[in-house]
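The values are calculated or read from the model by the stated rules, or taken from the named source; none is laboratory data. Small disclaimer: the values here were computed from a predicted structure and weren't measured. Here the Cβ is made from the backbone with ideal geometry for all residues, glycine too, and neighbour counts use every protein chain on show.
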Amino acid sequence: MTSQLILPLLAWLHAALCGVVILFQIALISGAPWGRLTQGGAVEGALPVSGRIAAGLSALLMVAIAVVPLSVAGVGPPLPRWTAFLAMAIVTLAVIANLITRSRAERRLWAPIAACMWGLQGAILLSTFSGASS
């Protein structure tokens with residue numbers, strides 16, 4: 001009974017963090033002057049067109065990453081189990097990228113968020129091995 005409450009909560013918390021990232025990417029696409037907080041911090045101010053395209057692709061990827069834990073927790077659309085492993089791999093790479101970026105501001109902002117997403121997603125994925133989600 002407890003896992004039936006906790007897993008959806010974890011999945012929704014993960015989705016909320018993804019939502020923050022998606023809103024940030026949308027702001028970048030719209031011209032927000034936050035280039036130093038993304039893509040290695042190479043751009044001061046608004047991103048050029050290529051950076052905005054990358055932000056759009058990141059936003060789309062983040063939507064998919066948000067849906068996968070919801071599916072695993074039983075509150076999202078049914079997806080193949082392999083998508084959970086793929087999403088976990090992508091978030092792992094995001095954590096690493098945010099830890100090694102040259103941009104101190106980007107690292108301070110996004111590494112903790114990516115790490116929280118990784119922990120939430122990992123807890124949800126591990127629950128599938130223990131049978132806690134059933």
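Tell me whether the stretch 97-117 contains one or more residues that are farther than 27 Å from residue 30 by Cα, buried (at least 17 other Cβ atoms within 10 Å of the Cβ), in contact with a helix residue (DSSP H, G or I) (Cβ under 6 Å, 6 or more places away or on another chain) and modelled with pLDDT of 95 or more.
no
Which one of these is hydrophobic (A, V, I, L, M, F, W, C) and touching a Cys at 6+ places or on another chain (Cβ under 7 Å): 17, 10?
None of the others qualify; the one that does is 17.
Of all residues in the stretch 55-74, which are more than 19 Å from residue 119 (Cα to Cα) and either surrounded by fewer than 17 Cβ atoms within 10 Å (Cβ to Cβ) or touching an Asp or Glu at 6+ places or on another chain (Cβ under 6 Å) (or both)?
Listed by number, the residues that qualify are 56, 57, 60.
Quickly run through the stretch 77-96 and pick out the residues that are exposed (fewer than 14 other Cβ atoms within 10 Å of the Cβ), in contact (Cβ under 8 Å) with a residue 24 or more places away in the chain and either touching a Leu at 6+ places or on another chain (Cβ under 7 Å) or assigned to a loop (DSSP other than H, G, I, E, B) (or both).
Matches in the stretch 77-96: 81 only.
For the stretch 4-17, does any single residue satisfy the condition of being part of a helix (DSSP H, G or I), surrounded by 15 or more Cβ atoms within 10 Å (Cβ to Cβ) and touching a Phe, Trp or Tyr at 6+ places or on another chain (Cβ under 8 Å)?
Within the stretch 4-17 (the criterion being part of a helix (DSSP H, G or I), surrounded by 15 or more Cβ atoms within 10 Å (Cβ to Cβ) and touching a Phe, Trp or Tyr at 6+ places or on another chain (Cβ under 8 Å)), the answer is no, since none of the residues qualifies.
Evaluate the following for residue 21: is it part of a helix (DSSP H, G or I), in contact with a helix residue (DSSP H, G or I) (Cβ under 8 Å, 6 or more places away or on another chain) and at negative phi?
Here the answer is yes, as residue 21 does meet what is asked.
Name the one entry in 74, 45, 31 that is in contact (Cβ under 8 Å) with a residue 24 or more places away in the chain and in a loop (DSSP other than H, G, I, E, B).
Just a single option satisfies the conditions, and that option is 74.
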